[in-house]
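S.K.: Please find one structure pasted underneath; my questions will follow.
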Amino acid sequence: MKHPFSQRGPRALVSVVVLATAAVASAQPAVEQSSDWKAANEAVGQFQRGHADLLKWEATHGATDAPDPAAAGFPVPSLEAATRLAWRPHLELQKLLPRLGEDNVARIAQGRWHEVDARHQRRIDGVGEVFEVAAEARRAWLRAVADRQAARLQRASLEAAEAAAELGRRMVKVGNWSAYQQSRVELGLATERRALQQAAVAARQSERALLHTLQLNGVHERLALPDTLPDLPRQTPSPAELSARLADLRAQLPRVEQWKAEANFGQALASRDATLAVARGLRDDVMAQRQLIVDESVLQYNGMLKSVWELLTEVQAHAQSQRETIAAVRDYWLADTDLMWVLQGGEPTAFVVPGGAAAGDASAAGH
């Protein structure tokens, strides 16, 4: 299964709209006396735009997205790296980690907590903090990567809206459009600008929260994070396997804590399964259909059957589905972290709801 964002980067999709609007703009002298889009598209067809120019654009700019200026900074390339960095400032944990053994430390850093013997909860005093710090680091890293990825997509959407608005202004100037028609495009552009401002603030706040969690604030100003979240796993531990781990955990807990662990386990497992189902549905079904629609829209535009406005609508809908998929994948990994934490005796303050605010977002924003 391909990564949900590997088929075509957001800037490559935006380039379709940018090239399309440039083509219509250059064709304006030939269609100044007509507001009929079929005639406009026929004029556009004379300029050999479309897929050929898209391929040329991608060859010039690279098939992937342009580098994000915010990407420069201290590297935290993975969940494992974030976890190990989070342990470093805690001197008391440096004494505990060797007692867990190198293999167990690796399992925790890599998120395979269900493979760690639950008896360590009783044998090693303070081991719960190892997992708690790791859980906080994973949550902060996931939010930071997801918010930066969403901001990058929003930036691409704004570029498409700016190109469309410029085309509309030229059409108004030559009399092919009314100010009323253009006002709808300008309102759309204002909405995209506001959305980018909000996305940029969210990305910066989550980056600061990650810096705080890793205790790197005051040491580093920015972090270099990966372009995308980890893809969804092909397989997850079965409920039977996880229930066996819960039984091991219950044996290590005081009686009064056992019922609480079981209740938390039920909520955490339900949250993990629900978020995984939503994320897979968006990745495998919705995104596949959105990509098909965009590809077909490009073909129809090149065949003078669709206007650039219709093409823009489909590209923007594609970008919105991408943002929803990012949030869903983030929610799955947050829910998975909660489940692993519960199986080590932890108690999340809230559980992730698919499509809702991620658990802990409010508290994270306050750091």
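The values are calculated or read from the model by the stated rules, or taken from the named source; none is laboratory data. Computed from a predicted structure; not experimentally measured. For neighbour counting, all protein chains shown are included, and Cβ atoms are generated from backbone atoms with ideal geometry for every residue, glycine included. These area figures cover heavy atoms from the full protein model, side chains too; ligands, DNA and RNA do not enter into them. Shrake-Rupley method; radii C 1.70, N 1.55, O 1.52, S 1.80 Å.
S.K.: Within 10 Å, count the other beta carbons around each residue, average over each peptide in 315-322, 234-241, and list them highest first.
M.R.: On the way: 315-322: 20.1, 234-241: 11.0.
The most tightly packed comes first, giving 315-322, 234-241.
S.K.: Full extension from Arg204 to Glu115: what is 0.36 nm times the residue separation minus their Cα-Cα distance, to one decimal in nm? Mind showing how you got there, number by number?
M.R.: Values: separation 89, 0.36 × 89 = 32.04 nm, distance 3.46 nm.
Computed gain between Arg204 and Glu115 is 28.6 nm.
S.K.: Something else: Can you give the FRET efficiency for Gln94 and Ala317, using 1/(1 + (r/R0)^6), R0 = 51 Å, r = Cβ-Cβ distance, to the nearest 0.05?
M.R.: On the way: r = 50 Å, r/R0 = 0.98.
For R0 = 51 Å, the calculated efficiency reads 0.50.
S.K.: Then there is this: Apply the Karplus curve 6.51 cos²θ - 1.76 cosθ + 1.60, θ = phi - 60°, to the phi angles in the range 132-144 and return the couplings in whole Hz, x for Gly and Pro.
M.R.: Result, rounded to whole Hz: 5, 5, 4, 5, 4, 5, 4, 4, 5, 5, 4, 5, 5.
S.K.: Still on this model: Carbon and sulfur: what percent of the range 237-281's accessible surface (1.4 Å probe)? Kindly include the intermediate steps, with their values, before the conclusion.
M.R.: Working: 1360 of 2280 Å².
Ligands and nucleic acids excluded, carbon and sulfur reach 59 percent.
S.K.: Same structure again: Apply the Kirkwood formula to the range 112-201: the hydrodynamic radius equals the inverse of the mean of 1/r over all pairs of different alpha-carbon atoms; give it in Å with one decimal.
M.R.: Numbers: mean 1/r = 0.0584 Å⁻¹.
Hydrodynamic radius (Kirkwood, Cα pairs) of the range 112-201 is 17.1 Å.
S.K.: A further question follows. For a quick check of understanding: with a 1.4 angstrom probe and all protein chains in place, what accessible area in square angstrom does Asp248 have, to the nearest ten?
M.R.: 70
S.K.: Also, I was wondering about something else. List the residues whose amide H sits under 5 Å from the amide H of Ala224, counting only those 5 or more places along or on another chain, with H placed 1.01 Å from N in the peptide plane.
M.R.: The list, which skips near neighbours in sequence, is Gly73, Phe74, Val76.
S.K.: Highest first, please rank the peptides 148-154, 207-213, 174-180 by the mean number of other Cβ atoms sitting within 10 Å of their residues. Write down the numbers at each step before the final one.
M.R.: On the way: 148-154: 24.0, 207-213: 22.3, 174-180: 12.6.
By packing density, highest mean first, the sequence is 148-154, 207-213, 174-180.
S.K.: Heavy atoms of the protein only, probe of 1.4 Å, neighbouring chains included. What is the accessible area of Glu136 in Å², nearest 10?
M.R.: 90
S.K.: Let me ask something else about it. Tell me which aspartates and glutamates have Cα within less than 13 Å of Lys260's Cα, excluding those fewer than 8 residues away on the same chain?
M.R.: Candidates past the 8-residue exclusion: Glu347.
S.K.: Still on this structure, please answer the following. Run the 1.4 Å probe and let me know the accessible area of Asp284, rounded to the nearest 10 Å².
M.R.: 50
S.K.: If you rank Phe74, Phe131 by how much accessible surface each has, with a 1.4 Å probe, what is the order from largest down?
M.R.: Working: Phe74 55, Phe131 0 Å².
Output order, biggest surface exposure first: Phe74, Phe131.
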